[in-house]
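To start, the structure under review is shown below, and the notes come after it.
The values are calculated or read from the model by the stated rules, or taken from the named source; none is laboratory data. As the structure is a computational prediction, the values presented were derived from the model and not from experiment. All Cβ positions, glycine included, derive from the backbone under ideal geometry; neighbour counts span all protein chains shown.
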Amino acid sequence: MPADYENIPLPEDLRLTISRLRELTGNSSDLLISQLTVGGADCALLCCEGMVSSSYIAEEIAEPLSQISGVESSAALLDHIRKYLLLSTDSPTADTFGQLFRLVYSGFAILLANGSSQALAFGAQGYASRGVQEPANESNIMGAHEGFSEVIRTNMSQVRRRLKTPELCMEMLQKGSQSRTDLCLCYMKDRVPPELLSRIRSSLDQIKLEALLTTGHIRPFLEQRSFHLFSTAGTTERPDVLCSKLIEGRVAIFCDGLPFAVVVPKLFCESFQTLDDYAFKPLYAGFIRWLKYLSFLVAVLLPGVYAAVVMYHPELLNSTLLMLLVKAEKEAPLSIITESLLVLLMYEAIREAGVRLPKPAGGAISVISGLMIGDAAVKSGLVSTPLLTMTALSVLGGMSVPELDSQITLLRFGSLAAGGFLGLFGVSLLCCVILADICSAESYGFPYFAPFSPFKRAGLSDTLYRTGVRKMQSRGFTVEDYHE
């Protein structure tokens, strides 16, 4: 397909237009071209097989067109259809081949008339898609069980159904030189700072990719610095969670074909919050949050602390525990660092196999592999029981904060190396590096580690603990309160 087809105007000769379409598409079999006569004028109806509803085209488009008579010219025919026939609520026009292809491959039916250089489009989408289902990664107990799907219009409607206000704005964009993927910029115009919105639009304008197929094709352009360990652009697959973020002044980006919404700016503390926190009593919700903070520390630091204490600081242990560890490690043929590395790599391999294999087999293989390999490793003496226990606790702690899973995995190995080679000094040094990285990260001027750094006392009511809903309704919080 020629690179300059985008701005080629549609010719008035219908036969030339059809010939040019077949040439540009390589006579693709999914482009359906039906030639017909409407009101005495030669016309052609175009659609993409599998993208349109055949029954809708037959009943709502083809039948009304067949009843038109006595039209003087093609221009008069198109003018008559625009003025007197409502064949579709979404009826754009196309003047170039680029516009025509974008419409026909988006599920529109296109009407071409001989003698006219303009085409009429009618929304007749009817492609197969996955229905609204419960989110796979953000489950909850007391909230709604609806999640986003792969169809961008469905996702937009789920947000609109929850926020019935004209302040909610949705802007459609197209990115990807080959995919022509629809993006939707979603925000509350009375909550979002104009500067933030302008900078996000500028970031999206930098996308020059041929296709947008995952959130990983969008998030790097929304992050200020690429070498931060923690991502400053979040994702969610729940419409109710997204609505709460929009009310706080965030901006969301939908991508057609993805059941996720990318949200900016993101705060570190949000990784420890769930929708159920606002369904339970404040005391219990606060307890769960502190449990997640503790689980994060255990998941990251426990392997390194264990290696550091056993190798460099045994005086920190009481005599009974020390003798148990000495006896267990004495029988192991490998060093503590090698043992820990072996167990962690084994866990990561089992988890990856469980994720990539078909679901009926993945879960069973993960359980069986963990039991058999873990039990065999301990009985053979390759791995000590205390070390396997510490590793299991670290892995379990990471499961409590699934949104930071990739960061926890990398930091766990970093903690093991720091503790194994430098002792507790190395673990402390790693903690300083992590804090420096988190505190220096920002998203469009919004500190990633807010409200802890810079410290905002008002923000603690929904981070360190969860205040009552009665107080929250008069709080009037938006992320603008954290802007530097």
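Checking each residue in the stretch 23-54 for being outside any strand (DSSP E or B) and touching a strand residue (DSSP E or B) at 6+ places or on another chain (Cβ under 8 Å) picks out THR25, ASP30, GLU49, MET51, SER53. Taking GLY39, is it touching a residue at least 40 places away in the same chain (Cβ under 8 Å), on the phi > 0 side of the Ramachandran plot and within 40 Å of the chain's Cα centre (by Cα)? For GLY39, the condition - touching a residue at least 40 places away in the same chain (Cβ under 8 Å), on the phi > 0 side of the Ramachandran plot and within 40 Å of the chain's Cα centre (by Cα) - is not met.
For the stretch 272-311, a residue qualifies if it is small (Gly, Ala, Ser), under 27 Å from GLU248 (Cβ atoms) and in contact with a Gly (Cβ under 8 Å, 6 or more places away or on another chain), and the qualifying residues are ALA279, SER295.
The selection criterion, being of a type in the set (S, T, N, Q), assigned to a helix (DSSP H, G or I) and farther than 16 Å from LEU302 by Cα, does not hold for SER428.
Taken over the stretch 279-293, the residue count meeting the criterion of being free of Cβ contacts under 8 Å to residues at least 24 places away in the same chain and closer than 30 Å to LEU342 by Cα is 1. Can you tell me which residues in the stretch 304-331 are buried (at least 17 other Cβ atoms within 10 Å of the Cβ) and more than 36 Å from the chain's Cα centre (by Cα)? Within the stretch 304-331, ALA307, ALA308, VAL309, VAL310, TYR312, LEU325, ALA328, GLU329 meet the criteria.
For ARG161, the conditions (1) farther than 15 Å from TYR444 by Cβ; (2) surrounded by 14 or more Cβ atoms within 10 Å (Cβ to Cβ) all hold with the exception of (2). Residue check: is GLU138 under 30 Å from CYS243 (Cβ atoms), assigned by TED's automatic domain parsing to the domain that holds CYS243, charged (D, E, K, R) and not in a helix (DSSP H, G or I)? Here the answer is no, as GLU138 does not meet what is asked.
Looking only at residues of the stretch 152-189 that are in contact with a Lys or Arg (Cβ under 9 Å, 6 or more places away or on another chain) and of a type in the set (D, E, K, R), we find that the one that is nearest to PHE254 (Cα to Cα) is ASP182.
Under 6 Å by Cβ, and 6 or more places apart or on different chains, what pairs join a residue from the stretch 402-420 that is over 11 Å from ILE337 (Cβ atoms) and in the same structural domain as CYS431 (by TED's automatic domain parsing) with one that is hydrophobic (A, V, I, L, M, F, W, C) and surrounded by fewer than 20 Cβ atoms within 10 Å (Cβ to Cβ)? These pairs meet every condition: GLN407/LEU229; GLN407/PHE230. Applying a threshold of 7 Å to beta carbon distances and a minimum spacing of six or more residues, or different chains, the list of pairs starting in the stretch 384-395 at a residue that is in the same structural domain as PRO333 (by TED's automatic domain parsing) and ending at one that is part of a helix (DSSP H, G or I) and of a type in the set (Gly, Ala, Ser) reads SER384/ALA328; THR385/ALA328; PRO386/ALA328; LEU387/SER340; LEU388/GLY374; THR391/SER340; SER394/ALA299. Of SER106, SER88, SER116, all but one fail to be touching a residue at least 24 places away in the same chain (Cβ under 8 Å), outside any strand (DSSP E or B) and either aromatic (Phe, Trp, Tyr) or closer than 14 Å to LEU65 by Cβ (or both); the exception is SER88. Looking only at residues of the stretch 42-84 that are of a type in the set (Val, Ile, Thr) and in contact (Cβ under 8 Å) with a residue 40 or more places away in the chain, we find that the one that is nearest to GLY115 (Cα to Cα) is ILE61. Given the residues LEU87, LEU111, which is the only one that is modelled with pLDDT under 90 and not assigned by TED's automatic domain parsing to the domain that holds SER177? One residue alone meets the criteria, LEU87. Of the residues making up the stretch 155-207, those that are among the basic types (Lys, Arg) and under 20 Å from ASP240 (Cα atoms) number 6.
Residues that are farther than 30 Å from THR409 by Cβ and touching a Leu at 6+ places or on another chain (Cβ under 7 Å): find the helices (runs of 4 or more DSSP H) completely inside the stretch 155-264 holding 1 or more of those.
239-247
Filtered by the rule that a residue be without any contact (Cβ under 8 Å) to a residue 40 or more places away in the chain and of a type in the set (S, T, N, Q), the stretch 146-173 gives THR154, SER157, THR165. Among the residues that make up the stretch 226-247, is at least one of them over 26 Å from PRO193 (Cα atoms) and at pLDDT below 90? Among the residues of the stretch 226-247, at least one is over 26 Å from PRO193 (Cα atoms) and at pLDDT below 90, which makes the answer yes.
Screening the candidates GLY107, GLY143 for the property of being within 30 Å of the chain's Cα centre (by Cα) and farther than 26 Å from LEU183 by Cα yields one hit, GLY143.
Table: residues versus (1) at pLDDT 90 or above; (2) among the β-branched types (Val, Ile, Thr); (3) crowded, with 17+ Cβ neighbours inside 10 Å; (4) assigned by TED's automatic domain parsing to the domain that holds LEU258.
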| residue | (1), (2), (3), (4) |
| --- | --- |
| LEU31 | yes, no, yes, no |
| GLY40 | no, no, no, no |
| ALA75 | no, no, no, no |
| TYR105 | yes, no, no, no |
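The residues of the stretch 271-288 that are within 27 Å of GLU223 (Cα to Cα) and surrounded by fewer than 20 Cβ atoms within 10 Å (Cβ to Cβ), listed by number, are SER271, LEU275.
Every condition in (1) at pLDDT below 90; (2) more than 26 Å from the chain's Cα centre (by Cα); (3) aliphatic (A, V, I, L, M) holds for LEU301 except the one numbered (1). Per the listing LEU416, LEU388, LEU411, the residue uniquely at pLDDT 90 or above and touching a Gly at 6+ places or on another chain (Cβ under 7 Å) is LEU416.
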